[in-house]
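Values in this text are rule-based calculations from the coordinates and carry no lab data. On a predicted model such as this, the values are computed, not experimentally measured, just so you know. Backbone-built Cβ (ideal geometry, glycine too); neighbour counts: all protein chains shown.
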């Protein structure tokens, strides 16, 4: 096993009616900014529950954070924070709201020039405004990690950053808040979580059997619970299991000591930036193509996954690995997620050229072997 450092200070409050515990978690000696998105929390009752819990606190509101949060929107919040001398941020909504809030927390304390350099140049933070969240959408796992992804609308760029300074102080997770999610968002969350796991699992063996087994248990849970929640959106047990899977998928535990890939995400980010396609939809199209392109390198893990997750009884690694890809695509289709860009009206060859151009401009390499360059990205997207 590789050396690793695992640290996660987030306090998790999980279960029904947990928003009512908010007053016990917030500071009373500073002004709070409540951040949220396009208004869905006002339709599902989360907004009203939060406002009630905030009675007696000094707080202001900032709404309008987009899916794939925009740098431009976040910087408007930063201006208000500096003007109002705000000392704590409360994110209420899905992972995009929380990702945007993490960037706001970092940018409000940034003193080295353009805060866009934080994600674009991967610059470390000295400090950030403390934050907590009420998370309403199982997808990004942002409620239990220090990751964030931000888009810059003016340049059609999308970058991620990771820094311990933006770990949430607490995360409230009430699965009942997900009852009213549109089916599309529920599907996106299932796929996003699934692919978070395989980015940390589907590489090569480095003697991490506990992490492998944990990863496989999350994948099996998503495979079992995903169709159930689409059939019955008010199935609390399935909603809860999916939400917990999401949080466990990206909190650093299954990646501790393991080798990670993430080229599917890096390619997906460029497709979202270029075409505005939902993050999870880009991943569902790209990931099977990555597996086929890197088949020989990933064959051992693909075969292991076929046997342990899908129960395939086969001694031939080559056959098992190929079946693993097919079974995964069938699962995605079973939860109504296409796996080809053409299903979303995107020409794969045109998209491949655009992604290649963006990879060339960045000059970075991705994948567990750091061998996914612009030319490789072209071939992967061309076959997506």
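Between the beta carbons of residue 160 and residue 315, assuming R0 = 41 Å, the FRET efficiency works out to 0.55 to the nearest 0.05.
Shown is the FRET efficiency for residue 2 and residue 75, computed with R0 = 51 Å from the Cβ-Cβ distance and rounded to the nearest 0.05: 0.85. The C-alpha atoms of the chain define a longest principal axis, and helix 209-231 lies at about 80 degrees to it.
Subtracting the Cα-Cα distance of residue 17 and residue 371 from their residue separation scaled by 0.36 nm leaves 122.7 nm. Relative contact order of region 71-184: 29 percent, from C-alpha pairs under 8 Å at least 6 residues apart in sequence. From its DSSP helices (H runs of at least four residues, each -39,500 (n - 2.57)), the chain gives a residue-normalised ellipticity at 222 nm of -15000 deg cm²/dmol. Within region 198-234, find all residues whose amide N lies under 14 Å from a label point positioned 7 Å from the Cα of residue 296 along Cα-to-beta-carbon. Once the point is set 7 Å along Cα→Cβ of residue 296, nothing inside region 198-234 turns out to lie under 14 Å by backbone N.
Volume per residue of the convex hull around the Cα atoms, evaluated for the chain, comes out as 129 Å³.
Sorting the segments 62-68, 102-108 by their residues' average number of neighbouring beta-carbon atoms within 10 angstrom, most packed first, yields 102-108, 62-68. Within the chain, DSSP assigns beta bridges of which about 25% are antiparallel (rounded to the nearest 5). Of the peptides 243-252, 366-375, the ranking by mean beta-carbon count within 10 Å, highest at the top, reads 243-252, 366-375.
Extension gain, residue 207 to residue 232, is 5.1 nm, computed as 0.36 nm per intervening residue step minus the present C-alpha separation.
Of the peptides 75-86, 280-291, 2-13, 177-188, the ranking by mean beta-carbon count within 10 Å, highest at the top, reads 280-291, 177-188, 75-86, 2-13. Tell me, what is a quarter of the convex hull surface for the C-alpha atoms of region 182-382, in nm² with one decimal? Spelled out: convex hull of the Cα atoms, projected over all directions, averaged, 10.8 nm².
Hydrodynamic analysis of region 1-133 uses the Kirkwood radius over alpha carbon pairs. Inserted into Stokes-Einstein at 37 °C and 0.692 mPa s, it gives a translational diffusion coefficient of 208 µm²/s.
Both radii are taken from the alpha-carbon atoms of region 18-66; with Rh as the Kirkwood radius, Rg/Rh is 0.96. Distance between Cα centroids, region 1-30 to region 280-340: provide it in whole Å. Rounded to whole Å, the Cα centres lie 34 Å apart. Note: relative contact order over the chain, using C-alpha pairs below 8 Å and six or more positions apart, is 15 percent. Between residue 357 and residue 24, the contour length at 0.36 nm per residue exceeds the alpha carbon distance by 114.9 nm. Given a Förster distance of 56 angstrom, what is the FRET efficiency for residue 111 paired with residue 217, based on the Cβ-Cβ distance and rounded to 0.05? My answer for the efficiency is 0.80. Modelled label positions at residue 183 and residue 42, each set 7 Å beyond Cα in the direction of Cβ, lie 2.7 nm from each other.
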